1. Residues of the range 230-244 being open to solvent by 10 Å² or more (accessible area, probe 1.4 Å) and touching a Gly at 6+ places or on another chain (Cβ under 9 Å), which ones?
2. Within the range 320-337, track down each residue that is open to solvent by 10 Å² or more (accessible area, probe 1.4 Å) and part of a helix (DSSP H, G or I).
3. Within the range 62-77, track down each residue that is of a type in the set (A, V, I, L, M, F, W, C), assigned to a helix (DSSP H, G or I) and within 24 Å of ARG13 (Cβ to Cβ).
4. Within the range 277-289, does at least one residue satisfy the condition of being over 24 Å from ALA120 (Cβ atoms) and crowded, with 20+ Cβ neighbours inside 10 Å?
5. Just a yes or no: is a residue in the range 223-238 part of a helix (DSSP H, G or I) and over 20 Å from LEU365 (Cα atoms)?
6. Select from the range 245-260 the residues that are of a type outside the set (A, V, I, L, M) and surrounded by 15 or more Cβ atoms within 10 Å (Cβ to Cβ) and list them in ascending order.
7. Just the residues that are buried (at least 21 other Cβ atoms within 10 Å of the Cβ) and either basic (Lys, Arg) or in a loop (DSSP other than H, G, I, E, B) (or both), please, taken from the range 193-219.
8. Of the conditions (1) at positive phi; (2) of a type in the set (Gly, Ala, Ser); (3) exposed (fewer than 15 other Cβ atoms within 10 Å of the Cβ), GLY222 satisfies every one except a single condition; which number is it?
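The values are calculated or read from the model by the stated rules, or taken from the named source; none is laboratory data. All values derive from a computational prediction rather than experimental measurement. When we count neighbours, we look across all protein chains shown, and the Cβ atoms used for this are built from the backbone with ideal geometry, even at glycine. Side chains included, ligands, DNA and RNA excluded: accessible areas come from the protein's heavy atoms. Shrake-Rupley method; radii C 1.70, N 1.55, O 1.52, S 1.80 Å.
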Amino acid sequence: MAEEKTISSTTKRSYWRWSKTDFFPETSFQTLSSYKTALSQTCPRLSDRLLARSSSTDELVTLQKVSENPMQKCLTWWDLIWLSFGSVVGSGIFVITGQEAHNNAGPAIVLSYAISGLSALLSVFCYTEFAAEIPVAGGSFSYLRVELGDFVAFIAAGNILLEALVGAAGLGRSWSSYFASMIKNDSDFLRIKVDSLPVGFNLLDPLAVVVLLVANGIAMSGTKRTSWLNWIASLVSGAVIVFVIVFGFIHAKTSNLEPFFPYGVEGVFRAAAVVYWSYTGFDMVANMAEETKKPSRDIPIGLVGSMSGITVVYCLMALALTMMVKYTEIDVNAAYSVVFEQIGMNWAKYLVSICALKGMTTSLLVGSLGQARYTTQIARAHMIPPFFALIHPKTGTPVYATLLVTLISAIVAFFSSLDVLSILTLWNSNERGWLGYTAAGLLWFFGTLGMAFLSKQRVPKVWGVPLVPWLPSLSIVMNLFLIGSLGLTAILRFIICSAVMIVYYLLVGLHATYDVAHQNELSA
């Protein structure tokens, strides 16, 4: 009876509340004295959290109670396919293809897209297992908590979320640039220059902020509504892509494919490292598992099916472009728009521009859904204040979590230019020999072979990655190779951000999760 009264009083609390206990309800943060006591116990608490593991029951049942209201199970595999399409097929295919075909791969850019697509598909297999096994918002975070513990889960989640927030800010700036270029031949036309600010942060972009606010506002209004809007917009985009492919092959010349490898095999891999950006976004869709009706069926079909189809579409678009015009004559800034002008179809460039803008818009929409749900699960674990885990009783969406990611990405987009947000560069090693690659390949092969003879510590109950450990191992090595495309600046930013996350964890997250874990043990 007492438990029923507690639940009843909890459900009657107003959603729109703002108190210290909503942000820091844990014992360690009740008073300054209790916090000092907690800090003095940092080492034993850290040892406790490093060794402890969450359970599937905790992630699926216990943590969801923190949100007070449930998310609505309203998505099917059909929704997930189109959410993936809307999230992944953004501006990347239109912006990067011409640049990499012209500068690095030539007609072999189609192979670059195939290689990056394979790498992305292997990652999708892993994310699918995470989401299907533990179908909650932010399934990969929960999976890491179960397998590797709080600390690893927090650092991984923090970097994934940071990447998503910076990516959203970059999309907002790209949207603003593209829109301004359609009005006037100046991508900075709608920005405000402030000379007193440092270069890279001195072009203020209010339009990018507005775009982010609108996209995130729609995401807050309801998941199914957002899915419908994405589906309609993606149908339009799909029609334009079919047009590009069909008319591209109609006006194609096989002579333009010669030479096929003008920059060698090395150029193909250099381009593959860059065009991988065109495939990002599927991880945000994996965060929608909690709102999926039949996760064990819908998630594998939705994620694996969509990424397979997107890879084929990208390869066909890249092939059509390089067959329409010689790779040396491709415009690196607006490849598809210019190529249609070159064949006398000036009106088609507007279709391409609309499709690119639509792609960026739906990427923002779906990204907003995924970021907020990932944040929700982190908040449910008390690694950030549980206030951000609250689900609105009417919309069934995490409004506070959405507002948090919106505010951060909007601030970053307002100040930071695209060259600051875009940190992908080319492979930096000056020593590129087949001897080194062969040695690395043999090391990977025998290392994976050794793992294949080890007994499995955990067998998936619902859906698992096929050909374990070969496919996961191949995914890791391909992603490590693509990480080689990151410059020193990117590595330094990663180190600095990770260091900040560790400091936060030691000062706040560690003590909050320790209190919650031991309170749960006492209540059990």
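1. Looking only at the range 230-244, we keep the residues that are open to solvent by 10 Å² or more (accessible area, probe 1.4 Å), and these are 231-233, 235-236, 238-240, 242-243.
Correct list: TRP231, ALA233.
2. MET323, MET324, TYR327, THR328, GLU329, SER337
3. First, pick out the residues of the range 62-77 that are of a type in the set (A, V, I, L, M, F, W, C): 63, 66, 71, 74-75, 77.
With the extra rule that they be assigned to a helix (DSSP H, G or I), the set shrinks to 63, 66, 77.
The answer is LEU63, VAL66.
4. Our first condition is that a residue be over 24 Å from ALA120 (Cβ atoms); within the range 277-289, this holds for none.
Checked the range 277-289: no residue is over 24 Å from ALA120 (Cβ atoms) and crowded, with 20+ Cβ neighbours inside 10 Å.
5. The initial filter retains those residues of the range 223-238 that are part of a helix (DSSP H, G or I), namely 223-238.
Filter once more, so that each one left must be over 20 Å from LEU365 (Cα atoms): none.
Checked against the condition, which is being part of a helix (DSSP H, G or I) and over 20 Å from LEU365 (Cα atoms), the range 223-238 yields no hits at all.
6. The initial filter retains those residues of the range 245-260 that are of a type outside the set (A, V, I, L, M), namely 247-249, 251, 253-256, 258-260.
Listed by number, the residues that qualify are PHE247, GLY248, HIS251, ASN256.
7. ASP205, the sole residue that qualifies.
8. (3)
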